[in-house]
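See below for the structure under consideration.
The values are calculated or read from the model by the stated rules, or taken from the named source; none is laboratory data. Since we're looking at a predicted model, the values are computed, not measured. Ideal geometry is used to build each Cβ from the backbone, glycine not excepted, and the neighbour counts take in all protein chains shown. When the accessible area is computed, the model is the full protein with side chains, heavy atoms only, and any ligands, DNA or RNA have been set aside. Shrake-Rupley method; radii C 1.70, N 1.55, O 1.52, S 1.80 Å.
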Amino acid sequence: MREPRIGIFGGTFNPVHIGHVRAAIEVAEALGLAGVEFAPAARPPHKSGDPLLDFALRLDLCRAAVSGIPGFSVNPLENERPGPSYTCDLLADLARTRPGEQFCFIMGMGDLLCLAAWKNGLGLGRLAHLAVHARQGQELEAFGRFLDHNAKAMGAAPTADPAVWSLPQGRLMQYVPVARLDVSASDIRRRWQEGKRIDGLMRPSVLDKLLTHADALPAGWGRPPAA
Ligand code: ATP
């Protein structure tokens, strides 16, 4: 029997919020993943304009976000490499250091549509299974269109199910509809800057940790929400 797949959820997580947690849970349930590792990018190549929380704090917030969810954990690997955090390097490191395991990289539809601009983005399917989560029902067409254009470069081939494409070495690329919550890290940062409350947008333990560090956040975060 093949090893169960482990989800790798990459992101900036600046900060992690309930949209991330719900999407990861729904993908894990839909694909029968053994667990999901949140892997914050240490130096995200595409988000240089945003005021970035320290990697150690983003990692800690992710730990709080996944606590108590069976099989969920946080992977600090992205901080062990110098330079920009490229997903292809993360997946290559995982394949090299954990050879018996099967990984499934989890990304949102927005990321998929930018994949051709990522370093070796169209080669990710040669390193791991791919799961693309998107708003329920709405984006299967966009998934199909992307693959119609990029299947050759990705080594992907359609199957009878439009939500599943085959990848090299028996891997799969799957579209997973999720009930996407209308929450984003940028909206949370904006509310925080305006001194508004962000309760409910992240798990309470994540908010507690962020408030504990409120006096030491990077320039650009502004003042914490009123107590
Ligand atoms: P920002 O608003 O700063 O761009 P973000 O909230 O989109 O950040 P990221 O860390 O950039 O968070 O996202 C990591 C992954 O989580 C991406 O694949 C993204 O598509 C996904 N994601 C972000 N917000 C949601 C959400 N509300 N529901 C489901 N997935 C989400």
Of all residues in region 53-63, which are surrounded by 20 or more Cβ atoms within 10 Å (Cβ to Cβ) and not charged (D, E, K, R)?
53, 57, 59, 61, 62
Output yes when any residue across region 207-223 is β-branched (Val, Ile, Thr) and surrounded by 13 or more Cβ atoms within 10 Å (Cβ to Cβ), and no when none is.
no
Return the residue satisfying two criteria in turn: it lies in region 177-206 and is hydrophobic (A, V, I, L, M, F, W, C) and assigned to a helix (DSSP H, G or I), and of such residues it is surrounded by the most Cβ atoms within 10 Å (Cβ to Cβ).
206
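Among the candidates 122, 113, 147, single out the residue that is without any contact (Cβ under 8 Å) to a residue 60 or more places away in the chain, out of contact with any Asp or Glu (no Cβ under 8 Å at 6 or more places or on another chain), in a helix (DSSP H, G or I) and open to solvent by 60 Å² or more (accessible area, probe 1.4 Å).
113
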Can you tell me which residue in region 125-144 is farthest from residue 183 (Cα to Cα), limited to those that are assigned to a helix (DSSP H, G or I) and among the small types (Gly, Ala, Ser)?
125
Check region 201-215 and report whether any residue there is without any contact (Cβ under 8 Å) to a residue 12 or more places away in the chain and within 16 Å of the ligand (Cβ to nearest atom).
yes
Quick one: in region 150-176, of everything that is touching a residue at least 12 places away in the same chain (Cβ under 8 Å) and part of a helix (DSSP H, G or I), which residue is most open to solvent (accessible area, probe 1.4 Å)?
169
(1) in contact with a strand residue (DSSP E or B) (Cβ under 6 Å, 6 or more places away or on another chain); (2) within 13 Å of the ligand (Cβ to nearest atom); (3) farther than 30 Å from residue 223 by Cβ; (4) in a helix (DSSP H, G or I): which one isn't true of residue 78, the others all being true?
(3)
Verdict on residue 184 being touching a His at 6+ places or on another chain (Cβ under 8 Å) and either small (Gly, Ala, Ser) or at pLDDT 95 or above (or both):
yes
Among the candidates 22, 81, 5, which residue alone is open to solvent by 30 Å² or more (accessible area, probe 1.4 Å) and in contact with a His (Cβ under 8 Å, 6 or more places away or on another chain)?
5
